[in-house]
Amino acid sequence: MITGTVPVVLDVDTGVDDACAIAFAALHPRVDLTAVTCVGGNAPVDDVVRNTLIVLDAAGRRDVPVARGADRPLLETPVDARHVHGADGMGDLGWAPSERTADPRHAVELLRDVCAAAAESGRKLTIVPLAPLTNIALLLRTHPDAVAGIERIVFMGGAAHVGNATASAEFNVFHDPEAAAIVLGACHELGIDVTMYGLDVFYDPVITREQADRLVAGGHHGAAELAGRLAHYQCDRFGGDAATIGDAGAVCAVVEPDLIRTEVLPVRIELAGAWSRGRTIVDRRDWTGDLAHDPHGEAPVRVAVALGVDAARAARLWYDTLLASTTSPGPAEPTERSA
Ligand code: BDR
Ligand code: CA
């Protein structure tokens, strides 16, 4: 059980479900949302910045700095996921863009600065990457002293069992496998605790179309209305009457860690492989006899892998937080919407 507020930085590729995560982090009273950094992933990075500013405006959080980061993976050719998230990366809602612009610093510089400030104040940050790990890899390689301001990293990515971008690999890790390998390796070297919120739990917390209706009814171009419209988009896009909160589940698990059941396990990132590049290889063997005869040996990097989630409770936490924003006084300044 967390008491007090948790200083959080999100790294995002907004993204329908990133938007749900940003809205939750912006509104939940126990999240101290310090900054949001953007990276190319679901959509090109400029679209990601625009979408991120829209969500923060809708949540009445123009105080949160947003920085533009890497526009492509370290080695891979960028592949977006607009077939999932819409042509604009955020459900093609026609929502008016923010009048605010991004922070002039590169995302890596903003991350460096907020980590330094956190180290100085003694309020260490929980970094929550919900996107390809390019920015975070660049941070940890360029400014390893940032570790002094980092409490832990909780990232959405990978899986012990399934893939989505390919049969083997989850999108965020598949998009930039080298970055994921660098981040896990650097965290091991620097002593940063890592939790992996992957596809084993990602799809489970869902809200219903009726709940989405109630959020939309909050109106005033606020975060609840936006999130409800994004849930409708998902229902319509994939068919059915439920929408996953996706990336937002990882932020819920920062606020209420007992929402997820984790096991600390050795993890490697597959960087080769004809069909398996970008897979997170999670070692669940419990018989040391096999290990003793394994030519690769055990991976040195150990990660708390989420293998179960109290999906109903996570979805409820997210939904209640968004719904509360429709009745609390003035969190969402009206923004103009295009026709
Ligand atoms: C991840 O990929 C993106 O499409 C989502 O935003 C999420 O971060 C799921 O594989
Ligand atoms: Ca994402």
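Amide H to amide H, which residues 5 or more places from residue 133 or on other chains are under 5 Å from it, using H placed in the peptide plane?
176, 180
In sequence order, what are the phi-derived ³J(HN,Hα) couplings for the range 90-97 according to the Karplus relation 6.51 cos²θ - 1.76 cosθ + 1.60 with θ = phi - 60°, rounded to whole Hz, with x for glycine and proline?
So the J values, rounded to whole Hz, are 9, x, 6, 7, x, 6, 5, x.
Using the Karplus curve 6.51 cos²θ - 1.76 cosθ + 1.60 with θ = phi - 60°, work out ³J(HN,Hα) for each residue of the range 248-261 in order, rounded to whole Hz, and write x for Gly and Pro.
4, x, 5, 6, 4, 6, 6, 6, 10, x, 6, 5, 10, 9
Using modelled amide H (1.01 Å from N, peptide plane; none on Pro or chain starts), what sits under 5 Å from the amide H of residue 307, excluding residues fewer than 5 places away?
Those qualifying (amide H under 5 Å, at least 5 residues apart or on another chain) are 261, 262, 263.
Taking the Cα atoms of the range 143-279, what is the range of coordinates along each of the three principal axes, in descending order and whole Å?
Taking max minus min along each principal axis of the Cα atoms, the range 143-279 gives 49, 38, 27 Å.
Which of the peptides 276-283, 136-143, 36-43 is most tightly packed, and how do the rest follow, judged by the mean count of other Cβ atoms within 10 Å per residue?
36-43, 136-143, 276-283
List the residues, sorted by chain then number, that are 5 or more residues from residue 31 or on another chain and whose placed amide H is less than 5 Å from its amide H.
Sorted by chain and number, the residues that satisfy this are 6.
What net charge is computed for the residues neighbouring residue 287, neighbours being all others with C-beta under 13 Å from the C-beta of residue 287, Lys and Arg scored +1, Asp and Glu -1?
-3
Kirkwood-based Rg over Rh for the range 1-149 (C-alpha set), two decimals?
0.96
Counting only the heavy atoms of the protein chains, how much of residue 203 is accessible to a 1.4 Å probe, in Å² to the nearest 10?
Looks like 110 Å² after rounding.
Compute the Rg/Rh shape ratio of the chain: radius of gyration over Kirkwood radius, all on alpha-carbon atoms.
0.95
Over the range 240-281, what percent of the accessible surface lies on carbon and sulfur atoms, probe 1.4 Å?
56
Relative to the present Cα-Cα distance, how much length would full extension add between residue 101 and residue 189 at 0.36 nm per residue of separation?
That pair, residue 101 and residue 189, stretches by 28.1 nm at full extension.
Suppose only helical runs count, i.e. DSSP H with n ≥ 4. What mean residue ellipticity at 222 nm does that imply for the chain under -39500 (n - 2.57) per run, divided by all residues and rounded to the nearest 500 deg cm²/dmol?
Computed mean residue ellipticity for the chain: -11000 deg cm²/dmol.
Spelling out what I want: for every residue of the range 180-189, take phi, set θ = phi - 60°, compute 6.51 cos²θ - 1.76 cosθ + 1.60 (Karplus), and round to whole Hz; glycine and proline get x.
For the range 180-189, the Karplus curve yields 4, 5, 5, 5, 5, x, 5, 4, 4, 5 Hz.
Which of 236, 80, 247 ends up with the largest GNM mean-square fluctuation for the chain, with Cα atoms connected below 10 Å?
Its mean-square fluctuation being the largest, the pick is 236.
Give me the accessible area of residue 188, 1.4 Å probe, in Å² rounded to the nearest 10.
We get 100 Å² for residue 188.
For the range 110-197, give the percent of accessible area contributed by carbon and sulfur heavy atoms, probe 1.4 Å, rounded to a whole number.
About 52 percent, which is the carbon plus sulfur part of the accessible surface.
The values are calculated or read from the model by the stated rules, or taken from the named source; none is laboratory data. What you are looking at is a predicted structure, and each value in this text was computed from that prediction instead of being measured. Every residue, glycine among them, receives a Cβ derived from its backbone with ideal geometry; neighbour counts consider all protein chains shown. Accessible surface areas use protein heavy atoms only, side chains included; no ligands, DNA or RNA. Shrake-Rupley method; radii C 1.70, N 1.55, O 1.52, S 1.80 Å.
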